Amino acid sequence: MTTKMMGAKVQRVEDDRLVRGTGRYVDDVALDALHTAVLRSPHAHARILSIDVDAVLDVEGVHAVWTYDDLEGAMAEPLPLLIPHPTLTHGRTQYALAKDEVNYVGEAIAFVVADDRYVAEDALARIVVEYEPLPAVVGLEAARTAANLVHDDVPGNVGARMEQSNGDAAAAIAAAPHTLSLDLKIERSACMPMEGRGTVARWDPDQGRLQVWTSTQTSTGVRAAVAAKLGLDLGQVDVITPDVGGGFGVKIVHPWPEELLVPLAAQKLGRAVKFTEDRREHFISSAHERAQEHHVEVGFDDEGRVLGLDVRFWHDHGAYTPYGLIVPIITSTQLLGPYKPGAYHVQFDSLYTNTVIVTPYRGAGRPQGCFVMERTMDAIAAALGKDRADVRAVNFIQPDEFPYEQGLIFQDGRELTYDSGDYPAMLDKIKELVDWDGFESFRAAKAAEGKRVGLGLACYVEGTGVGPYEGAHVHIETSGKVKVATGLTSQGQGHQTAFAQIVADELGVRFEDVEITTGDTRRMAYAVGTFASRAAVMSGSAIHLAAKRTKEKALRIAADALEADVDDLEIVDGVVSVKGTDSSIPLGTIAVLSNPLRYAFDEASKAATQFNVGDPTKPPVAEDDEPGLEGTDFYSPPRSTFASGMHAVIVETDVETAEIRILKYAVVHDCGHLINPMIVEGQIHGGVAQGVGGALYERMAYDESGQLLNASFMDFLMPYVTEVPTSIEIDHLETPSPLNPLGIKGAGEAGVIPGSAAFAAAIEDAERSALPSFGITAMPISPSELFALRAVHASSEESK
Amino acid sequence: MSEKQHEIRLRINGTEHDVAVPARRLLSDALRHDLGLTGTHVGCEHGVCGACTVLVDGEPMRSCLMFAVSAAGHDVTTVEGLARPDGELGPVQQAFRECHGLQCGFCTPGFLTTITAGIAENPEPTEDEARDMIAGNLCRCTGYQNIVKAVCRAAELARDDRASEDGAA
């Protein structure tokens, strides 16, 4: 009996190989490959006067060295600006190897290929580069002041200034009975997957074909970029994304310099070539995110209803803009969360600094927007002396208002229109889960023990499943096994499991008989990639549609074979039968019948040869048909689907040491219908941990000359088990999306979005019991910063 | 001038391997690149993340902080050596699968080896002891809650194994 797989906590098919150590990550491939190392700039900003590589080729075991001067054709042009936007008036990208100037510590200058990484690094030490150091622009203040410029031809360091509005926010604020202004700040962090970047390439001179294995979030993107840069036809390049050791956004950027240099070297040297990034390289040459400063003006009524909201912010995008304006556009639009301000105006400057590039990190600009909006809600509640949840409730979009138009343009160039949700119901759930109404008595009990506790709440809405499309190919083999390919990649989300659940349900086959391949351009050449919590929505839907198409064909052939009506057929455990009869035929046999053969190679195929099947008066394959039991389909939605959630956290702030302890963490999450609740909850756990990191620990410590002082796991504090909540209370709400056939919404990023907002609120709440003027305006916050902040507020209260 | 090679014999998962390596070659690189045992992963190469943890004479060690030549003469167990003799998943492996203790799987081998040693030393860990056991390993995907569950479940499975061995004996 086939049971419904959608919604079941199915154990992952990926795990067997991963726990045995037989997974295949990119560095596990091609053990015969040559290894590479990259000379990286030690300066944040400098002109390159000369590069001398003569001594390198004397090192035994070195095969080749490249600098900019060795690059030709498209390889000598700047790297692609992946997402151009009309507002990005001064977009700049780096070269695969620096030309004349470097703009951040870590920028690639020379590329060495050698027998192994040890020898390649020995060789790097022999390269002599003469630099003329230039003043470095580090941090938003320096970028904004623009006393020095990152790029000579970018005035004011402004890459883009963008403005959007819905209504007249300034007028609404001016007319409002109450107003507030806030200045808020979030620091830099980074994705930090446990596996860094990596690429392997093999050139096959006999076929004139390049095979690239890369740790990416977009195989098809890398394929197109490699083909364009190396002057190859798309058909000469295969890109395979094997197991990926985490992505969290950073691996959507492509092509990285090494993703082009490795294939180039493989082609030139006729050997397999490999680049494996080390951790220090990941810190200084892969992407960061988050750093923004916001100024908020808000006008509201006596109930706390926001009448006008005006946000001006500055976004630090680092030295180059390969990923366009996606992060600040998301911040500026998703800042609104579940709320409907009377009028909204937002303007941001996206600024250059001499630091590592800034591109999406899980949440992609939403944690900052959520922090700003939720700090504003808390400030309104404090100003009015109202319950913080009540102030949120009066601002919610109501369930009967969907689809709700925010009157803005989203990151995909489409209207920001929320498809579905139920925020009041969600608020009820989170209040119950964290015991919102019982908190004051809990606080009093803790106070009696001399302890200081606080409660914070943060709400968000997340546009997920952005277009343009994903596709899927479903093939039922004559064995009855189902082989499915979709083009986007996996980096730990359990796609092989979740997608197989969808196929098993739609086709009526056993889950065990379904095999999913992701991120292999040989199997599915049309795809976009894994980002924006889009894989389940996009590929999940495409796979559902392709399976449906395959099923229709199977039933049509079966109806013929069984001399029955299609409507009377059902498929259970891979066998098509006429309902209520013994008449049946396995899908494997239907696959045999679907492909008329001239030659037999086994018993099954004998049944499909032309003397055995078909009407001899008709073509073996009908005009409107094709051989094989297969189906391909694509899913392309009109716009994103909007998931939502609310987090509540209770913290204790140590009265003496200012240490911050998490006592309770609660999550209510709505991603529409759940495919696999076990996987969704795993995603939430991981997101919450990254939220804890972003709120309490992680920051990129650049000094004024642009040196990253904490470029190691020793100094960049990522949460261990000792830093995360011991348990997370989770409740789900399921408001299905009307935009896709499965009613699903994305879930991957959600857990991280409200972290800083919820912790800031909880810590502030705890501290206000002792210092009523206490406020948190910047995150992350460390115990020593909290300690210092206490002193500031204590002295300001004394002086009153 | 080529580097001096040292002929060493490594005993990995009970099998002896003769390799020639330079003195500076890390055990992690020797396992992965010279012996093709790519289950051991390298996450930081400075001994903080724990992904490369292997057991040396039963004790968890960071194979990125150890030279291959230093491992000569010792028993090294990698993730590839954690399955049962009949090829079925070992208790820690099985517990990770059951408890959804892994997502991308990159840090997982280091957790599996660490926990294998941990539950050998403490067969009945409390949740707090389970947390202590894994407090030196980084995971960026799971948030650790399910890994803590997996530690307790692995200890339970290992206890069941011992009970059935005792019963059979």
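Restricting the calculation to Cα atoms, the protein assembly as shown yields a radius of gyration followed by a Dmax of 29.0, 101 Å. Calculated translational diffusion coefficient of segment B:5-81 (20 °C, 1.002 mPa s; Stokes-Einstein with Kirkwood radius over alpha-carbon pairs) equals 179 µm²/s. Based on C-alpha pairs under 8 angstrom that are at least 6 apart in sequence, chain A has a relative contact order of 15 percent. When each of A:I516, A:I763, A:I83 is scored by the number of other beta-carbon atoms lying within 10 Å, the sequence from fewest to most is A:I83, A:I516, A:I763. Helix-only arithmetic for chain A: the sum of -39500 (n - 2.57) across DSSP H runs with n ≥ 4, divided by the residue total, places the mean residue ellipticity at 222 nm at -8000 deg cm²/dmol. From the alpha carbon centroid of segment A:711-789 to that of segment A:505-520 is 36 Å.
Please tell me which of these pairs span more than 25 angstrom C-alpha to C-alpha: A:K4/A:K431; A:K451/B:K149; A:K185/A:K340? From A:K4/A:K431; A:K451/B:K149; A:K185/A:K340, over 25 Å: A:K4/A:K431; A:K451/B:K149.
Straight-line cross-link reach from A:K268 at under 21 Å between alpha-carbon atoms covers these lysines, not counting any fewer than eight positions away in the same chain: A:K229. Counting only other residues whose beta carbon sits under 15 Å from that of A:G588, what net charge do I get with K and R as +1, D and E as -1? With Lys, Arg at +1 and Asp, Glu at -1, the neighbours total -2.
Dipole size of chain A about its Cα centre, with +1 on Lys/Arg Cβ and -1 on Asp/Glu Cβ: approximately 140 debye, rounded to the nearest 20. Of all the options B:V76, B:V21, B:V54, the one that moves most in a Gaussian network model of chain B with Cα springs shorter than 10 angstrom is B:V21. Taking label points 7 Å from Cα along the Cα-to-Cβ direction, A:S605 and A:E659 give a separation of 7.0 nm.
We did not get these values from a lab; they are worked out from the coordinates using the rules stated. Not measured: the values here are computed from a predicted model. As a convention, Cβ positions derive from the backbone with ideal geometry for all residues, glycine included, and neighbour counts pool all protein chains shown.
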